[in-house]
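All remarks here apply to the structure that follows.
The values are calculated or read from the model by the stated rules, or taken from the named source; none is laboratory data. No experiment lies behind these values; they were computed from the predicted model shown. Cβ atoms come from the backbone with ideal geometry, glycine included; neighbour counts cover every protein chain shown.
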Amino acid sequence: METDSLRHHLEAHFPQHLALLEDWVGVNTHTENAAGVNELGRRTAEAFARLGFEAQTVPSAHPWAGRHLFLTRRGATDRTVVMVSHLDTVFSRDEEQKFDFRFRREGDKLYGPGVADIKGGTVMALMMLDALRAACPAEFDDVTWHVGLNALEEKLDDEFNRLLRERLTGPALAVLVFEAGADWEGRWPLVVARKGRAEFRIEVEGRGAHAGADYWKGRNAIVDACRLPPRLEALSDRTKELTVNVGRMVGGTEVNCVPQEAVLLGEIRAFREEYVREGWGGVRHVVDDFNRDLSGVGARAAVTLTEMLPAWPRNEATEGLFAVWEAAGATTGLAPVVRQERGGLSDGNLFWHDQPTLDGLGPTGANTHQSKRSEDGTGEPEFVRVSSFVPKALLNCVAVLLLLRNPAFRP
Ligand SMILES: [Zn+2]
């Protein structure tokens, strides 16, 4: 196999890819900064155009969001490989400035907004395609490549998934998701499962009153709402890896008013769909109990399910891909390649059920969504390991070649 020529090409071109990452990280692409997201889309399309990819951008239905980017290179055959990344990050410009969070190298670590989640991943996809084109032009030309970049992955909904699917002519050999690989020393984790997530909103209604004149007539919605979080949290079950989290709670208006209303926002997560539904049933139970206990005294709660995204459980098609990457790990000396199941969601959650999907294919990184360095040194912001790019790209290239050369994987 062309392992040596791939490695050589990846190493020789790494400085220019690192410079590209610095350029991309310099563009603020907070999900709601549509101009920034679109600018990164333009620069990304330009980089992939050098490899023969055609770009198409599609506006989101959400007015605050930027445009999704779809890059395609039609091959000699319909054998399709899909690569998934995203343009947006969770970091607003204000947050970047407040914590002086920008592209910065310290030893083997590269810090900056989106270096791991997920601009380093997009660079990884580019490095792979560039090396395959140079070292294995026959395979590169044979395959139809799709690179999809979600404009609003951090606010996950199914819009991007729908648009990407519309562009595929048939089942793909693989859907490869370029979220960062976890920083597990000496091991190369790939993501084979992710939790599903249900989001809920509870509105608690009390009785508003003047805190001075009519205090005893009021019913404090904040005080009543505070009964809920401990009961909701108690629905979490470690043995089922089911978690229920109250993430936000707001209530009241002025200090001199007995609060009329309070709102709780929460979420349920589990690897198994049935446990997510069980968690949701539990939340409704808690609210029913609340109403039974308190409706006679003027308090009332109403709960709504605001979002439900499916779990990505361990499955056969993902395992098939994992086995290919494991074999590639042995070929490239990058063993051990190991499985990771993650609590966070990705675009993979919406592909796995009918397309073989593997995630965590980006460079090694950690502390995603974190911008602040704590003074006591215990907290550090999002980073990727510089030394992980070339070996991981080599691993991914060799695995894709194994996949393409294994007739069992022909659709
Ligand atoms: Zn993220």
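Some notes on this structure:
- Among the residues of segment 295-330, the ones that are without any contact (Cβ under 8 Å) to a residue 40 or more places away in the chain, over 30 Å from L394 (Cβ atoms) and of a type outside the set (S, T, Y) come to 1 in all.
- Residues of segment 13-41 satisfying the condition of being out of contact with any Leu (no Cβ under 7 Å at 6 or more places or on another chain) and either of a type in the set (S, T, N, Q) or on the phi > 0 side of the Ramachandran plot (or both): Q16, N28, N33, N38
- Pairs, first within 16 Å of the ligand (Cβ to nearest atom) in segment 150-164, second aromatic (F, W, Y), C-beta under 6 Å, six or more apart: N150/F160
- Scanning segment 343-360 for residues that are within 12 Å of the ligand (Cβ to nearest atom), assigned to a loop (DSSP other than H, G, I, E, B), of a type outside the set (A, V, I, L, M) and buried (at least 19 other Cβ atoms within 10 Å of the Cβ) turns up just one, S346.
- Selection count, segment 64-104, where residues are within 18 Å of the chain's Cα centre (by Cα), within 16 Å of the ligand (Cβ to nearest atom) and surrounded by fewer than 21 Cβ atoms within 10 Å (Cβ to Cβ): 2
- Exclusive hit being away from the ligand (no atom under 16 Å from the Cβ), touching a strand residue (DSSP E or B) at 6+ places or on another chain (Cβ under 8 Å), in contact (Cβ under 8 Å) with a residue 12 or more places away in the chain and in a loop (DSSP other than H, G, I, E, B), set L190, L168: L168
- The residue that is nearest to G66 (Cα to Cα), counting only those in segment 105-121 that are among the aliphatic types (A, V, I, L, M) and away from the ligand (no atom under 11 Å from the Cβ), is V115.
- Considering segment 361-382, and only residues there that are modelled with pLDDT of 95 or more and in contact with a Ser or Thr (Cβ under 9 Å, 6 or more places away or on another chain), the residue that is nearest to S85 (Cα to Cα) turns out to be G362.
- From the options A131, A125, residue that is outside any strand (DSSP E or B), more than 16 Å from the ligand (Cβ to nearest atom) and touching a Cys at 6+ places or on another chain (Cβ under 6 Å): A131
- The conditions of being of a type in the set (A, V, I, L, M, F, W, C), within 16 Å of the ligand (Cβ to nearest atom) and either modelled with pLDDT of 95 or more or surrounded by fewer than 22 Cβ atoms within 10 Å (Cβ to Cβ) (or both) are not met by A138.
- The condition of being touching a strand residue (DSSP E or B) at 6+ places or on another chain (Cβ under 7 Å) and over 15 Å from L345 (Cβ atoms) holds for only one of A311, A299, that being A299.
- Each residue in segment 193-247 was checked for being crowded, with 19+ Cβ neighbours inside 10 Å and closer than 14 Å to G343 by Cα, and 9 of them qualify.
- Scanning segment 144-157 for residues that are within 16 Å of the chain's Cα centre (by Cα), within 24 Å of R385 (Cα to Cα) and surrounded by fewer than 21 Cβ atoms within 10 Å (Cβ to Cβ) turns up at least one hit.
- Restricting E267, E307 to residues that are at pLDDT below 95 and of a type in the set (D, E, K, R) narrows the list to E307.
So that you can scan it fast, the table gives a plain yes or no per residue for (1) in the same structural domain as R339 (by TED's automatic domain parsing); (2) in contact with a strand residue (DSSP E or B) (Cβ under 6 Å, 6 or more places away or on another chain); (3) hydroxyl-bearing (S, T, Y); (4) outside any strand (DSSP E or B):
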{"position": "W184", "(1), (2), (3), (4)": "yes, no, no, yes"}
{"position": "V223", "(1), (2), (3), (4)": "no, no, no, yes"}
{"position": "T239", "(1), (2), (3), (4)": "no, no, yes, yes"}
{"position": "R248", "(1), (2), (3), (4)": "no, yes, no, no"}
{"position": "L264", "(1), (2), (3), (4)": "no, yes, no, no"}
{"position": "D289", "(1), (2), (3), (4)": "no, no, no, yes"}
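- Residue match in segment 343-364 (condition: free of Cβ contacts under 8 Å to residues at least 12 places away in the same chain and at negative phi): no
- Taken over segment 365-376, the criterion of being in contact (Cβ under 8 Å) with a residue 24 or more places away in the chain and either more than 12 Å from the ligand (Cβ to nearest atom) or assigned to a loop (DSSP other than H, G, I, E, B) (or both) is satisfied by A366, N367, T368, H369, S371, K372, R373.
- Residues that are under 21 Å from V82 (Cα atoms) and of a type in the set (A, V, I, L, M, F, W, C) were ranked within segment 332-357; the one that is nearest to the chain's Cα centre (by Cα) is L345.
- Restricting attention to segment 327-341 and to residues that are part of a strand (DSSP E or B) and touching a Gly at 6+ places or on another chain (Cβ under 8 Å), the residue that is nearest to the ligand (Cβ to nearest atom) turns out to be Q340.
- Qualifying residue in segment 28-46 (condition: under 20 Å from P363 (Cα atoms), among the aliphatic types (A, V, I, L, M) and more than 16 Å from the ligand (Cβ to nearest atom)): no
- Test result for G333, in the same structural domain as R187 (by TED's automatic domain parsing) and either surrounded by 15 or more Cβ atoms within 10 Å (Cβ to Cβ) or more than 24 Å from A399 (Cβ to Cβ) (or both): no
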